[in-house]
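No value in this document is a laboratory result; all are computed from the given coordinates. It should be emphasised that the depicted structure is a prediction, and the values quoted were computed from it without experimental measurement. Note that we place each Cβ from the backbone using ideal geometry, even for glycine, and neighbour counts take in every protein chain shown.
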Amino acid sequence: MQNNIHVLSRAVIIDHAHILLCRTTDLAINFYFLPGGHIKHKESAETAVLRELTEETGASCTIKRFLGCLEHSFEPGHSSICHNHEYNFIFEAESDALKIHIPIPRLEEHIELNWIPLASISDIDLRPTPLKTLISDWLMSSETSVFQSAMA
């Protein structure tokens, strides 16, 4: 069994009550996840999410605020073939180039970007699953309790 821990930085981008999500295209079971990715050695979580957003969308983005951190563990192969425990630092971000009416170029072969209605988020296969409720909770809150663990 793999016991790799990964640290990721992800973005929540909202436009006209839709959220921008990535969808896998290269796995047996395709699912949605927030744009962003791995934090490199000596890279801040903020720098990582901005770099990843540019790599995935071609857009220059700005961070509005830190929403929270989700610790999550899953069976190897369920959501990842490379790790089974992750920390996701989640930021609310925006860009003039990332709007629902502007086509987003496909810059990475293994993902496609889709605008999903926020009201439909509970109906899709979004991973990690706790994000289905955490995203709306974080967006509507100004609380300082931003760390969530699915390990309880």
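Give the order of Ile29, Ile100 when sorted by the count of other beta carbons within 10 angstrom, beginning with the fewest.
Ascending Cβ contact count within 10 Å gives the list Ile29, Ile100.
Ignoring everything except DSSP H segments at least 4 long, calculate the 222 nm mean residue ellipticity for the chain; use -39,500 (n - 2.57) per segment, divide by total residues, nearest 500.
That comes out to -4500 deg cm²/dmol.
Subtracting the Cα-Cα distance from 0.36 nm times the residue separation, let me have the gained length for Ile100 to Asp125 in nm, one decimal.
Using 0.36 nm per residue and subtracting the Cα-Cα distance, I get 6.9 nm.
In the chain, once you exclude exposed GluC sites (Glu not before Pro) (DSSP loop, at most 10 other Cβ within 10 angstrom), what's the longest stretch remaining?
Result for the longest clean stretch: 1-108.
Select one label from (1) 9.2; (2) 11.9; (3) 16.2: the one whose number is mean projected area of the Cα convex hull in nm² as derived from the coordinates shown.
Here mean projected area of the Cα convex hull in nm² agrees with entry (1).
Eight or more residues apart or on different chains, and alpha-carbon atoms under 26 Å: count the Lys pairs in the chain matching that.
5
Kindly work out what percent of the DSSP beta bridges joining two residues of the chain are antiparallel, to the nearest 5.
Taking every DSSP beta bridge with both residues in the chain, the antiparallel ones total about 65 percent.
Putting +1 on Lys and Arg Cβ atoms and -1 on Asp and Glu Cβ atoms, find which of Leu67, Ile29, Leu118 reaches farthest to the positive end of the dipole of the chain.
In the chain, that residue is Leu67.
Given +1 on the Cβ of Lys and Arg, -1 on the Cβ of Asp and Glu, and no further charges, what dipole in debye does segment 5-149 carry about its Cα centre, rounded to the nearest 20?
Result for segment 5-149 is approximately 140 debye, rounded to the nearest 20.
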